[in-house]
Each structure stands twice: as structure tokens, then as C-alpha cells.
1. Go ahead and estimate [θ] at 222 nm for the chain from helices alone: -39,500 (n - 2.57) per DSSP H run with n ≥ 4, summed, over the residue count, rounded to 500.
2. For segment 24-31, take each phi angle, set θ = phi - 60°, evaluate the Karplus expression 6.51 cos²θ - 1.76 cosθ + 1.60, and give the result in whole Hz per residue in order, putting x for glycine and proline.
3. On average, how much accessible surface per residue is there in the chain, in Å², for a 1.4 Å probe, leaving out ligands, DNA and RNA?
4. Roughly how many nanometres apart are two label points built 7 Å out from the Cα toward the Cβ at ALA8 and ARG80?
5. Treat every Asp and Glu Cβ in the chain as -1 and every Lys and Arg Cβ as +1, leave all other atoms uncharged, and give the resulting dipole magnitude about the Cα centre to the nearest 20 debye.
6. Residue by residue through segment 190-199, what is 3J(HN,Hα) from phi via Karplus (6.51 cos²θ - 1.76 cosθ + 1.60, θ = phi - 60°)? Round to whole Hz and write x for glycine and proline.
7. Given PRO114, HIS2, ALA30, which one lies farthest toward the positive end of the charge dipole of the chain, if we put +1 on the Cβ of every Lys and Arg and -1 on the Cβ of every Asp and Glu?
8. Please compute the length gained on full extension between ILE18 and GLN111, using 0.36 nm multiplied by the number of residues separating them and subtracting their Cα-Cα distance.
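The values are calculated or read from the model by the stated rules, or taken from the named source; none is laboratory data. Just so you know, these numbers come straight off a predicted model, no measurement behind them. Every residue, glycine as well, gets a Cβ built from its backbone with ideal geometry; the counts of neighbours run over all protein chains shown. Each accessible area value is taken on the protein alone, full model and side chains, heavy atoms only, with ligands, DNA and RNA left out. Shrake-Rupley method; radii C 1.70, N 1.55, O 1.52, S 1.80 Å.
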Amino acid sequence: HHASFLAAFERELLAIGIGGLLLMAAAGWAVTRRGFRPVRRMAEVAEGISAHRLDERLPADAVPTELQPLARAFNAMLDRLGDSLQRLSAFSSDLAHELRTPISNLMTQTQVTPARERSPDEYREILYSNLEEFERLGRMIADMLFLAKAEHGLVIPDSKPVDLRREIDALCEFYEALAADKPVTLAVTGEGRAQGDALMLRRALGNLLSNAIKYTNPDSEVV
């Protein structure tokens with residue numbers, strides 16, 4: 001009787017143990033699946049990201065406290081990607097617009113020039129005009145290479161004292177003819193020195209001055 005009781009108890013204990021293990025495994029699987037639901041949501045958002053779909057964001061408040069920093073970092077990454085893509089698209093559009101003008105001028109002159117006989121002076125004048133367009137294209141390509149290097153930290157600035165007044169005076173003299181065509185008046189006041197790369201400062205100030213002349217109203221003054 002005791003042996004039979006112990007055998008039955010052993011079988012029942014074994015069944016209870018196996019059932020408990022299975023129940024614990026099922027409960028653990030359900031809890032883990034529920035706990036990883038925000039992570040699966042992140043994976044779904046990441047899979048759906050493309051150049052045309054960068055507006056999806058994770059609700060940081062709807063995820064567990066432990067995953068909120070990850071959700072915020074993920075959303076910040078998407079914001080940076082969207083901003084970079086927008087700037088890249090604008091840069092590509094501006095670049096295409098800038099390149100179209102000199103290429104169109106070169107094509108037009110090349111197509112028109114052989115249409116009739118011309119004197120050597122006329123050919124020479126056309127070649128000089130084409131040379132100006134090629135130099136313009138060369139400057140654009142140099143600017144593109146400079147921006148690409150700067151974006152990847154490959155530009156090594158040559159820092160030294162720079163006389164800002166002298167640099168700006170030289171730029172105003174260079175842009176004086178362009179300003180007179182607008183017409184726009186250029187005025188320089190004050191003195192200043194800075195520690196930096198003269199070439200890069202000249203490039204930055206030249207861009208500012210060029211945009212000021214280009215976008216200000218006629219008969220205005222750029223100071």
C-alpha cells in the first residue's frame with residue numbers, strides 16, 4: 001500500500017512539475033512578447049523608413065520607462081535624417097540650377113558658331129567667352145569638393161591672424177561691377193581682426209556679399 005501510494009504520488013508530482021514548467025514557459029513567453037512589443041514597433045518603423053517616409057515617430061510616452069531613452073534617441077535620429085535629406089535635396093536643386101546656365105551658354109555658342117563663317121577676332125571672342133564659362137564651372141566643382149571635404153572633416157584650416165577690413169575691402173572691389181549693375185551701393189565701416197583661415201573667411205564673406213547684392217532691392221545700400 002505504501003509503495004503504491006508513493007508511486008502514485010511520484011507520478012502526480014512529476015505531472016504537476018511538468019505542467020508547472022509548461023505554464024511558466026507559456027507565461028514567460030507571453031510576458032516577454034508583451035514587453036518587446038515597443039521594440040517590434042521600432043523595428044516596423046525602421047523597416048518603413050525611406051526617402052519619402054521620414055515622418056513616422058515613436059510615441060515615447062507609450063513605451064516602458066526603460067525604453068523611453070531609446071525611443072527618444074530613435075526619434076532624434078529620424079529628425080536629423082529628415083533635416084539632412086531636406087538640405088541635400090535643396091543643395092542638389094540649387095546645384096542643378098547653377099550648372100544649367102553655363103552649360104546652356106556653352107551649348108548655345110557651340111551650336112551657333114559653326115552656322116556661318118567668322119573672322120579670327122570673332123572666334124577669339126567666342127573662345128574667351130567659353131573660357132569664362134569653363135572657369136565658372138571649375139569654381140562650382142571646386143566648391144562642391146570643398147563642401148564634401150568639410151562635411152567629412154577633411155578640411156584642415158590654416159589658422160592665422162586675418163585683417164578683416166582688408167579682406168572685405170578686396171571683396172567689395174571685386175564685386176563693385178556686379179553691384180553697379182543692380183544698382184547697389186557697397187559701404188564698409190569699422191576695423192577688425194580675427195584668428196582663422198584667410199581663404200575660408202574670404203569664401204564665407206564673399207558668399208554673404210554675393211547674396212546681399214543678388215537679393216537686395218535696387219538702389220539699396222549693403223553695409
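1. Values: 7 runs with 158 residues, N = 223.
That calculation yields -25000 deg cm²/dmol at 222 nm.
2. For segment 24-31, the Karplus-derived couplings read 5, 5, 5, 5, x, 5, 5, 5 Hz, x marking Gly and Pro.
3. Working: 16940 Å² over 223 residues.
The answer is 76 Å² per residue.
4. Each label point lies 7 Å from its Cα, and together they span 7.0 nm.
5. On the way: 26 positive and 32 negative charges, 221 e Å.
Using Cβ point charges on Lys, Arg, Asp and Glu, the chain gives about 1060 debye.
6. The phi angles translate into x, 10, x, 10, 9, 9, x, 8, 4, 5 Hz.
7. HIS2
8. On the way: separation 93, 0.36 × 93 = 33.48 nm, distance 8.88 nm.
Here the segment from ILE18 to GLN111 would lengthen by 24.6 nm.
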